[in-house]
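Enquirer: Got a structure here, written out as structure tokens. Questions coming.
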Amino acid sequence: MKCDVCDAKTATVFLTQIVKGDMQKINLCEACAKEKGVTDPTGFQLADMLLGFGQGARVETQPREKSCSSCGMTQSTFRKTGRLGCAACYGTFGDGMEGLLKAMHKGTRHIGKVPAAIHRLQAQEDQLVQLRAALDAAVASEAYEDAARLKAEIASFENPTRVRV
């Protein structure tokens, strides 16, 4: 298949676009594709290129991108690195970030993490509450041997370095 522009070389770039229900196809050789600025298919508008055929007009392949007024970071740099340059970038690029954050994380609100040591302390506190309740029940039922054992366990929780005999 030959190139639709130069009609001499073999086409290697094949583009199709549907505009208002009409399908438009164009076949380009590598040289004509470069000449027309068709290097990034995501930033390419076929209808604009078709209007410029035969006139040698250059077609803008990408719209003007946003950039941070504080640090100068551009949207394309943000997409490549995945990191923002400064705090002002959140205001500049904030419109499209919610969907991006939802895709990357469980949600868009940071909840934080609880250290494992806190979980251990909470478990120990729960166990201490149970031991005290059992001690109260043992004293109420006059089971003094059980009460003494429970009191020793409670003391070991409250002061783990002190060894009871």
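Every number in this text was worked out from the coordinates using simple rules, so none of it is lab data. For clarity, every value in this text was computed on a predicted model and none was experimentally measured. Positions of Cβ are backbone-derived with ideal geometry, glycine not excepted, and every protein chain shown enters the neighbour counts.
Enquirer: Based only on other Cβ atoms within 10 Å, what is the fewest-to-most ordering of Lys25, Lys113? Display every interim value, and only then the final one.
Expert: On the way: Lys25 10, Lys113 7.
Ascending Cβ contact count within 10 Å gives the list Lys113, Lys25.
Enquirer: Lys/Arg Cβ at +1, Asp/Glu Cβ at -1, dipole of the stretch 66-110 taken about the Cα centre: which of Leu101, Thr74, Tyr90 is farthest positive-ward?
Expert: Value computed over the given set: Leu101.
Enquirer: While we're here: In straight Cα distance, which lysines are under 21 Å from Lys2, not counting same-chain residues fewer than 8 positions off?
Expert: Partners found: Lys25, Lys34, Lys36.
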